[in-house]
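Participant: I have a structure here, written as structure tokens, and I will follow up with some questions on it.
Coordinate-derived values only; no laboratory data. Because the structure is predicted, anything quoted here is derived from the model rather than measured. Glycine also receives a Cβ, built like all others from the backbone with ideal geometry; neighbour counts cover every protein chain displayed.
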Amino acid sequence: MHRIISARPLPGYRLDLRFEDGVQGEVDLGPLVGKGVFAVWKDPAEFQRVFIDPVSHTVAWPGDIDLCPENLYEDVIAASPAVARDKPEAGK
């Protein structure tokens, strides 16, 4: 499981994320705004309330909103191919 250790909200419904293994990068969550449970994000102040859930180690928001850390990890890697090259290899 990929544990998120830092999450910082950025303009445009983006998050700067850092994972336990050192992988860091941004994800764009703008496409989720207004859909289902993410309707509350129409108020940008609600998006800014992001926190790290101490149990699941992923990003979460009040109202039991959270996102899968594995998907976020893959999104960070996909957005920054250089991140994948800089990532320490498992077991080394």
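Participant: Does segment 58-82 hold any residues that are of a type in the set (Val, Ile, Thr) and more than 11 Å from Val23 (Cα to Cα), and which are they?
Facilitator: Scanning segment 58-82 gives Thr58, Val59, Ile65.
Participant: Further, regarding this structure: Can you pull out the residues in segment 23-79 that are among the aliphatic types (A, V, I, L, M), assigned to a loop (DSSP other than H, G, I, E, B) and closer than 18 Å to Met1 by Cβ?
Facilitator: Val23, Val55, Leu67
Participant: A further question follows. May I ask you to list the residues in segment 18-40 that are of a type in the set (A, V, I, L, M, F, W, C) and touching a Lys or Arg at 6+ places or on another chain (Cβ under 9 Å)?
Facilitator: Just the residues of segment 18-40 that are of a type in the set (A, V, I, L, M, F, W, C), to begin with: 19, 23, 27, 29, 32-33, 37-40.
Across segment 18-40, the qualifying residues are Phe19, Val23, Val27, Leu29, Val33.
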